[in-house]
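Structure first, commentary second.
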Amino acid sequence: MADNIIELMNESPVDKKRIFKSVENMNTVDIADAFERLSKEKVIQLFRLLPKSMAAEVFSFIEPENQQIIIEALSEAEAGKIIEDLYVDDAVDFIEEMLDEFPANVVNKLLRNVSEDTRTTINQLLQYPEDSAGSIMTTEYVYLREDVTVEEAFNLIRKTGLDKETIYTCYVIMRDRLLVGVVSVKTLLLSKLTDKIGDIMDTNLISAQTHDDQEEIAALFRKYGLLSLPIVDKEQRLVGIVTVDDIVLVIEEETTEDIEKMHALKPSEEPYFKTGILRHSGNRIVWLMVLMLSATVTAYIIGSFEDAIAVLPVLSAFIPVLMDTAGNSGCQTSALIIRGLALGEINPREIFKSLWIEVRVGILCGVVLGVANFLRMLITNRGDYMLALTVSLAMIATVIISKSVGCVLPLIAKKIKVDPAIMAAPLITSIADALALIVYFYLAVSLLDFGSAVHVELTVPECVYGC
């Protein structure tokens, strides 16, 4: 679909009638896709060719970069008309993008060309904290009074529904916009025209407050299978609703942020190809520096046992195996715990219950890996039973410890209100590696015959993780 528009736009001369006919019956999302592959001049030209009835809807799906190109090309009156025709939550998103790119006086000048009601609503929604329910809600919804009949409700929906973001769910309010119930269009259709809304509404309300975090809102949508959710203030007055299309974007945004944090990246809202090299580097270098410094603990531990390695150099051959096993074991567990916390399947208060599960899993996995490693070493190391036993016991202990660390750290982070995703793969790998080496070398010194040649003094500086 978008390819057809692009071909028509690249013809010379541009056949405006064919383009107008092509877009008339196209999905607005498909039309918006075409803008991403056109030059700046063609973006402006195509937008001017759109039917006025669909221009605002297409605009809401266009990427912010091209939205700004279009706004700059339009007159203030034309730009104001586009903003006026947008659903208010889409208008707020656009204004927020504008505020990031342009001086406030430019945005204010633009807002002067919208109606006073729209301007007041946009300014009100911009006041809410970022990532809160208030920042993603819309004020365009259908509300009813308890004393109206079903027939009167239908007449009201027909009269006002065209400009509402959704009409499937209607909210019932009293004086001062106090939310008292909800009624779906399905319920209205199946009721008698003379029935009162107060008699058929559902009073078992699921709502959220304006300052609730958007992740909590997404959890409510997921738990109750909602299409929309009423947002109320502290006095339980209805101030807006959040719709499922906005929650899909929130879930995508939050999941992306968690994935980035779990892989030692500073979260970025910019797409990969639209992020500059300096920004890419800045998003990565901080955590790389932290992890590099934390790796000095591993180097310190190995240095503390240099006498043992000098007497029995083969010990160093098994360090990568144990470190990889430790990191992988910890990462497996942390991924499950972090995801379980995000989905609400695990409660931070269940730390000991979760730890008991992971200890038992660690024992089973560790024993299986230890036995397999013992048999492998007997074959490859010509029957050196004590060396095989030492490495295998270290592996069992490593798996148990790593899984325990991978379980406990994200739960503690959640408990102290730190994003659990930070306690993910890179950090847990560093901690698990250090613990694995300590266990390994102490077992080696205890079980293998070094005579009096080995002197071990392991004192980890207090500031290693805090420097």
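For the stretch 44-55, indicate whether the set of residues that are farther than 28 Å from residue 118 by Cα and either in the same structural domain as residue 112 (by TED's automatic domain parsing) or surrounded by fewer than 15 Cβ atoms within 10 Å (Cβ to Cβ) (or both) is non-empty. No, the stretch 44-55 contains no residue that is farther than 28 Å from residue 118 by Cα and either in the same structural domain as residue 112 (by TED's automatic domain parsing) or surrounded by fewer than 15 Cβ atoms within 10 Å (Cβ to Cβ) (or both).
The stretch 57-113 holds helices (runs of 4 or more DSSP H) entirely within its bounds, and those carrying 3 or more residues that are touching a residue at least 40 places away in the same chain (Cβ under 8 Å) and closer than 23 Å to residue 164 by Cα map to 88-101.
For the stretch 254-273, what are the residues that are among the acidic types (Asp, Glu) and either touching a Pro at 6+ places or on another chain (Cβ under 9 Å) or at positive phi (or both)? 257, 258, 260, listed by residue number.
Against the list (1) part of a helix (DSSP H, G or I); (2) over 13 Å from residue 6 (Cα atoms), the condition residue 26 fails is (1). Identify, please: which residue in the stretch 158-189 is under 20 Å from residue 206 (Cβ atoms) and part of a helix (DSSP H, G or I) and is, among those, modelled with the lowest pLDDT? Only one residue fits best here, namely 177. Confirm whether residue 60 is over 30 Å from residue 246 (Cβ atoms) and among the hydroxyl-bearing types (Ser, Thr, Tyr). Judged against the criteria, residue 60 is not a match. The residue pairs whose first member lies in the stretch 202-225 and is under 11 Å from residue 247 (Cβ atoms) and part of a helix (DSSP H, G or I), whose second member is among the hydroxyl-bearing types (Ser, Thr, Tyr) and modelled with pLDDT under 95, and whose beta carbons are closer than 7 Å, counting only pairs six or more residues apart or on different chains, are 214/132. Considering only residues of the stretch 365-406 that are surrounded by fewer than 18 Cβ atoms within 10 Å (Cβ to Cβ) and among the basic types (Lys, Arg), which is farthest from residue 439 (Cα to Cα)? It comes out as 382.
The values are calculated or read from the model by the stated rules, or taken from the named source; none is laboratory data. Every value quoted in this text rests on a predicted model; they were computed, and no experiment measured them. Virtual Cβ from ideal backbone geometry, glycine too; neighbours counted across all protein chains shown.
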